[in-house]
Amino acid sequence: MRTVTVLALSFLLCGIASAHEGAHDTPAAGGVDHSRKPTGATPVQTTDAGAVYGAPLATPAAEPVAIDAAYDDLAAQVGKDGAWSGRITQVCQKMGCWLVLTGEGDRHARVFMHDHAYSVPKDASGRAIVYGTLSEKQLDAKEVQHLKDDGAKAPAERELQIDARSVLILKSA
């Protein structure tokens, strides 16, 4: 009887320790779960316009707003769910889990793949349309360093970000 009690108690303690250890993989409130590995950079849809990553495009797709235009009217655009267009100028070199969408000048938004659930090719370039929610974020020193470690070129402490459900990388003309 004593052996059965000791075994039962051992299994119980192992289960509690395992559950506690798994809690470390959960993101903090409002955070991104970077422990979750995005799926490979495989398009979920191919259209006449290009390759779609993330969720398939809704029909009809929203009319895109240029990143430059978003900057010109930030108050109306921040928090808005929509389509945003520009050029891909940087991509995360570790997993393809973020990219930088740049307008005609140096105005840009950093695009994070929603819930870190998918990625884009690390060599992605050219024009793209991103479908998601635009926000403005103040980065702390740790976040800036994390982006640099991922290959970001001089990330700003304050930047526009897009939580992207879908990314359409347009075919080059």
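Coordinate-derived values only; no laboratory data. Being a predicted model, the structure only gives us computed values, none of them experimental. Note that each Cβ is placed from the backbone with ideal geometry, even for glycine, and that neighbours are counted across all protein chains shown.
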One residue is enough: does region 126-144 have a residue meeting the conditions in a loop (DSSP other than H, G, I, E, B) and touching a residue at least 40 places away in the same chain (Cβ under 8 Å)?
no
Total residues in region 153-173, condition closer than 23 Å to Pro56 by Cα and in a strand (DSSP E or B):
10
Scanning region 115-151 for residues that are β-branched (Val, Ile, Thr) and out of contact with any Lys or Arg (no Cβ under 8 Å at 6 or more places or on another chain), the one surrounded by the fewest Cβ atoms within 10 Å (Cβ to Cβ) turns out to be Val144
When you check Val130 against the structure, is it within 15 Å of the chain's Cα centre (by Cα), of a type in the set (A, V, I, L, M, F, W, C) and closer than 14 Å to Trp84 by Cβ, yes or no?
yes
Provide a single number: the residues in region 63-75 that are buried (at least 19 other Cβ atoms within 10 Å of the Cβ) and either within 23 Å of Asp150 (Cβ to Cβ) or of a type in the set (Ser, Thr, Tyr) (or both).
1
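Mind listing whichever residues of region 76-87 are touching a residue at least 24 places away in the same chain (Cβ under 8 Å), surrounded by fewer than 19 Cβ atoms within 10 Å (Cβ to Cβ) and not in a strand (DSSP E or B)?
Listed by number, the residues that qualify are Val78, Gly79, Lys80.
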Being surrounded by fewer than 16 Cβ atoms within 10 Å (Cβ to Cβ) and of a type outside the set (Ser, Thr, Tyr) is the filter here, so list the residues in region 88-114 that pass it.
Gln93, Lys94, Glu104, Gly105, Asp106
Complete set of residues in region 88-110 that are assigned to a loop (DSSP other than H, G, I, E, B) and in contact with a strand residue (DSSP E or B) (Cβ under 6 Å, 6 or more places away or on another chain):
Cys92, Cys97, Gly103
